[in-house]
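What follows is a set of notes on a single structure, which appears directly below.
The values are calculated or read from the model by the stated rules, or taken from the named source; none is laboratory data. All values reported here derive from a predicted model rather than from experimental measurement. Neighbour counts are summed over all protein chains in view; Cβ atoms, including those assigned to glycine, are modelled from backbone coordinates with ideal geometry. When the accessible area is computed, the model is the full protein with side chains, heavy atoms only, and any ligands, DNA or RNA have been set aside. Shrake-Rupley method; radii C 1.70, N 1.55, O 1.52, S 1.80 Å.
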Amino acid sequence: MKSWLIAGLLLGAGCFSSALADPLVGEIANYPDWQPELEEVLEIVEHEVQSHRPESGHEALLEEIKDTDPNTGSSGSLIPHIPEPMNFDLIRPLGARQGEFEVNSLFLKTVTGKTALDWAPEIEYAILDNHAIEFELPFENTRLETLKGAYQVTFGADRHHRLIHGMQAIGKYNLHTRKTSVTGLYIVGCQLNDRWSALTMAGLRHTGLNHRSGSFVGLLNPSLFYTHSKHLRLGFETNLSLAKSKNNHYLYLPQVHLELGKNYSLQIGAGFEHFAVNRFRPVLGMRLIREM
């Protein structure tokens, strides 16, 4: 008796399921007919979600900048994107991606006295993600003074994309004094808020590795930047060389960074340098950058 009852219940359930399934299968078969209505509903839902999502000015600005500004790295670079100082620049921005290539030249001139025009064409190339090299030829007027090579590594960024850090090693050989100097720097960049960012380099330089008269010099280069738009930034760069009291040298250089096009940018600065013997000299500078 129980077996017949169970069989009857299973048969009834099967018929009932078939009765429900047939219309559903028919609707699925007619899916193309009501697909536009479904897509319209999904678009409305997506629009509502987007309109109620909290705005992230910092992230939106960074996304806009990294896609258009050649001086903050390629679109694949790590964030935050911290601008480069004009006088003591980086070897590619921190977080550079493999294959990034740049040529640029710095021009620096003190206004007072019969001083030479210092200018230095250079090439920068990211050989691997977060690893970049540089070769530079510093001139005084038309005379080649130094051969310079450098290497930079980016260690990474924090999970909030506010801090990024790395280090830089620089070697210089003076063609006239025959002295070789080496420099080691720790670099840290910080995105303070949507508009303000800071970059600091700190380290040591030995002024004559192959010469008895060489000595150690402390370096501290803090810079502050304000991003007005993807085309315009303002900066204040400070270069401090801390040696013996009479040999200290300080450079204060307010600057403007301009994007001239897809692959060109220009940095212009005007400030002054200060020596420990109470000497002040006005300084003008410019760096022209071409992304390849």
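With respect to the stated conditions, V182 fails to be over 26 Å from L266 (Cβ atoms) and crowded, with 17+ Cβ neighbours inside 10 Å. Here segment 103-118 is the region considered, the condition is being of a type in the set (A, V, I, L, M) and outside any loop (DSSP other than H, G, I, E, B), and the residue that is farthest from the chain's Cα centre (by Cα) is L108.
Residues in segment 117-159 that are open to solvent by less than 60 Å² (accessible area, probe 1.4 Å) and in contact (Cβ under 8 Å) with a residue 40 or more places away in the chain: N130, A132, E134, A150, Q152, T154, G156, A157.
Screening I123, I164 for residues that are under 25 Å from L209 (Cβ atoms), part of a strand (DSSP E or B) and in contact with a strand residue (DSSP E or B) (Cβ under 9 Å, 6 or more places away or on another chain) leaves exactly one candidate, I123. Taking segment 247-265 as the range and being open to solvent by 30 Å² or more (accessible area, probe 1.4 Å) and either more than 22 Å from the chain's Cα centre (by Cα) or under 30 Å from G214 (Cβ atoms) (or both) as the test, the residues that pass are N247, H249, Y250, Y252. For segment 236-246, the criterion of being under 17 Å from the mean Cα position of the chain (by Cα), on the phi < 0 side of the Ramachandran plot and among the charged types (D, E, K, R) is met by at least one residue. Residues of segment 157-186 that are of a type in the set (S, T, N, Q) and more than 12 Å from H206 (Cβ to Cβ): Q168, N174, T177. For segment 272-290, the count of residues that are open to solvent by 60 Å² or more (accessible area, probe 1.4 Å), at pLDDT 95 or above and of a type in the set (D, E, K, R) is at least one.
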